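Single-structure report; data block below.
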Amino acid sequence: MFAIGEASRQSGVSIETIRYYEREGIVPPPERSANGRRIYSAEAIGRLKFLKNCRNLGFSLSDAKALLELSVGEYSDCDAVFRMGDRQLASTRKKIAELRRLEAALTELTANCSEGNTDCPMLDALRGG
């Protein structure tokens, strides 16, 4: 059994986020020691790591919670997991395309800049000029 600080360290999830997950019912409340402090099992830390991995892949908190529930259930619904993963992949690809458009626009804007000019082409473009 581990204190919240150690659970945070092992899982990579901040203490405040762990408390938030508990308040929101994303993870079950931890056991308490005799002095009332939260204590976490290795299984609880594993759940926190799972949520952290989901969030690192860009899944929403509600999707991460759903995936966690699927992972600890009696049976896994691979189709549901696939649909969630496929939807996240499509969203990620859309964001990448948007970032590439942003990169191209910024590349063009900064390429037009001349150091020391009193009239800045980039500012003119941003003003709509």
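Points to keep in mind about this one:
- Scanning region 100-117 for residues that are hydrophobic (A, V, I, L, M, F, W, C) and either surrounded by 10 or more Cβ atoms within 10 Å (Cβ to Cβ) or modelled with pLDDT of 80 or more (or both) turns up L102, A104, A105, L106, L109, C113.
- R87 satisfies every condition listed in (1) crowded, with 17+ Cβ neighbours inside 10 Å; (2) of a type outside the set (A, V, I, L, M, F, W, C); (3) more than 22 Å from E22 (Cβ to Cβ) except (1).
- Identity of the residue in region 7-44, hydrophobic (A, V, I, L, M, F, W, C) and more than 17 Å from the chain's Cα centre (by Cα), that ends up surrounded by the fewest Cβ atoms within 10 Å (Cβ to Cβ): A34
- R47 meets all of the listed conditions (1) charged (D, E, K, R); (2) in contact with a strand residue (DSSP E or B) (Cβ under 8 Å, 6 or more places away or on another chain); (3) surrounded by 14 or more Cβ atoms within 10 Å (Cβ to Cβ) but one, namely (2).
- Within this structure, D79 fails the test of being surrounded by 10 or more Cβ atoms within 10 Å (Cβ to Cβ), closer than 30 Å to I45 by Cβ and acidic (D, E).
- For A80, the conditions (1) over 12 Å from the mean Cα position of the chain (by Cα); (2) under 26 Å from S14 (Cβ atoms) are fulfilled apart from (2).
The values are calculated or read from the model by the stated rules, or taken from the named source; none is laboratory data. What you see is a predicted model, and the numbers here were worked out from it, not measured in a lab. All Cβ positions, even for glycine, are placed from backbone atoms using ideal geometry, and neighbour counts span all protein chains on display.
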